[in-house]
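The values are calculated or read from the model by the stated rules, or taken from the named source; none is laboratory data. Because the structure is predicted, anything quoted here is derived from the model rather than measured. Note: ideal-geometry Cβ built from the backbone for every residue, glycine included; neighbour counts use all protein chains shown.
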Amino acid sequence: MSNKFKVFIDGKAGTTGLKIYERLGRRDDIEILLIDEDKRKDNDERARLINSADIVFLCLPDAAAAEAVKLCTNPETRIIDASTAHRTDPAWDYGFPELSEKHRENIRKSKRVANPGCYASGFISLVYPLIQAGVLPEDYPVTCHAVSGYSGGGNKMIAAIEGADKTFEMNSPRQYALGQKHKHLPEMQAVCGLKYPPMFNPIVDDYYSGMVVSVPLVSRCLNKKYPPAEIHEIMTAHYAGQHFVKVMELGGSETLPDGFLAANTLADTNNMQIFVFGNDEQILLCSRFDNLGKGASGAALQNMNIMLGIDETIGLE
């Protein structure tokens, strides 16, 4: 009898599902349950595999993810949903273990974990600690700027940018979700405990993966006037001892290679770097990570490890 953990990926053909599959395929403690290509939409076969698994990853559109949950009747099957369908659902645990030990413990015990969105991961990593520390008022008018590689747009965008019909405009950074209706906004507001949603400016650029999420702060508008060094101390204390999230050296452009904060530095990793820049009047917080790593598949696998009670870094180094 196999002592391997049984894992089913519902939606293996997407970017997140493929990354999870690739990483799991290199592990000897996991048995991946596969569905025949011609049965991918066969609910009876999907239900059989879902209920045979220890862990199920849902890498599906929101509506399909919600339907997949209904197929699960085995009380021992644990689900990690990579869609936005359950991220603000109080019956689900939010899968960002570095936010607090309570978050990590909730994930460990959970049957249902909502994997964070990529942009949301960066935003929450910066804002949540400052709300908890009483630095940011809950009604602070938070602004967020973010740039991501085009893999964040999924298979359709990847095909468009890498295909023969790539347009001239695709060579440049492109802003989108200009109507302030981005699908990550609800979790950004809810998880941080903000009274109002942030003003969010996402940008997709002509490189494959990696992202930087930035949140500017005006010191005089905080609960008191904080210098960058004090903000840096708060962030450092919050993430002390975390394996994947590190607060980097305090400073300005002089602390970076050639003075630039490149968005693709952490591609193909599950790492996240937090930066504090600025002066006594204006502070800039930045979070750098891989949109496919800590922003998606890497975070999902880290959550799986925690739920299975094993070292959360396994398969992520």
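When residues in the stretch 261-287 are screened for being at negative phi, under 23 Å from the mean Cα position of the chain (by Cα) and assigned to a loop (DSSP other than H, G, I, E, B), 10 of them pass. Return yes or no: is Thr255 surrounded by 13 or more Cβ atoms within 10 Å (Cβ to Cβ) and touching a strand residue (DSSP E or B) at 6+ places or on another chain (Cβ under 6 Å)? The answer is no for Thr255. Among residues of the stretch 95-106 that are basic (Lys, Arg), those with a beta-carbon under 7 Å from a residue that is modelled with pLDDT of 95 or more and assigned to a helix (DSSP H, G or I) at least six positions away or on a different chain give the pairs Arg104/Pro97; Arg104/Ile306. Looking across the stretch 297-317 at every residue that is assigned to a loop (DSSP other than H, G, I, E, B) and modelled with pLDDT of 95 or more, the one that is surrounded by the fewest Cβ atoms within 10 Å (Cβ to Cβ) is identified as Gly309. Looking across the stretch 149-173, the residues that are surrounded by 15 or more Cβ atoms within 10 Å (Cβ to Cβ) and more than 25 Å from Thr88 (Cα to Cα) come down to Gly149, Tyr150, Met157, Ile158, Ile161, Met170. Counting the residues of the stretch 197-218 that are out of contact with any Asp or Glu (no Cβ under 8 Å at 6 or more places or on another chain), in a loop (DSSP other than H, G, I, E, B) and more than 16 Å from Ala120 (Cβ to Cβ) gives 3. Residues in the stretch 177-206 that are free of Cβ contacts under 8 Å to residues at least 60 places away in the same chain and surrounded by 15 or more Cβ atoms within 10 Å (Cβ to Cβ) were compared, and the one that is nearest to Gly117 (Cα to Cα) is Leu185. If a residue has to be at pLDDT below 95 and more than 14 Å from Leu130 (Cβ to Cβ) to count, how many in the stretch 204-223 make the cut? Matching residues across the stretch 204-223 total 1.
Within the stretch 209-223, residues that are more than 10 Å from Pro141 (Cα to Cα) sit with their Cβ atoms under 7 Å from residues that are outside any strand (DSSP E or B) and among the charged types (D, E, K, R), at 6+ positions apart or across chains, in these pairs: Ser209/Asp290; Gly210/Asp290; Ser219/Lys225; Ser219/Asp280; Ser219/Glu281. Of all the numbered requirements in (1) assigned to a helix (DSSP H, G or I); (2) among the acidic types (Asp, Glu); (3) in contact with a Lys or Arg (Cβ under 9 Å, 6 or more places away or on another chain), Asp38 misses one, and that requirement is (3).
Filtered by the rule that a residue be buried (at least 19 other Cβ atoms within 10 Å of the Cβ), under 21 Å from Gly293 (Cα atoms) and among the aliphatic types (A, V, I, L, M), the stretch 6-60 gives Val7, Ile9, Ile20, Leu24, Ile30, Ile55, Val56, Leu58, Leu60.
Being assigned to a helix (DSSP H, G or I), surrounded by fewer than 16 Cβ atoms within 10 Å (Cβ to Cβ), among the aliphatic types (A, V, I, L, M) and on the phi < 0 side of the Ramachandran plot: is that true of Ala63 here? Considered against the rule, which asks whether it is assigned to a helix (DSSP H, G or I), surrounded by fewer than 16 Cβ atoms within 10 Å (Cβ to Cβ), among the aliphatic types (A, V, I, L, M) and on the phi < 0 side of the Ramachandran plot, Ala63 comes out as yes. Is at least one residue of the stretch 164-176 touching a residue at least 40 places away in the same chain (Cβ under 8 Å) and in the same structural domain as Gly241 (by TED's automatic domain parsing)? No, the stretch 164-176 has no match at all. Residues that are modelled with pLDDT under 95, under 15 Å from the mean Cα position of the chain (by Cα) and either among the aromatic types (Phe, Trp, Tyr) or under 20 Å from Gly293 (Cβ atoms) (or both) do not occur anywhere in the stretch 190-202. All of (1) surrounded by fewer than 20 Cβ atoms within 10 Å (Cβ to Cβ); (2) under 22 Å from Arg288 (Cα atoms); (3) in contact (Cβ under 8 Å) with a residue 60 or more places away in the chain hold for Ala146 with one exception: (1). Selection over the stretch 83-118 of residues that are of a type outside the set (S, T, N, Q), in contact with a Gly (Cβ under 8 Å, 6 or more places away or on another chain) and within 22 Å of Val212 (Cβ to Cβ) gives a count of 4.
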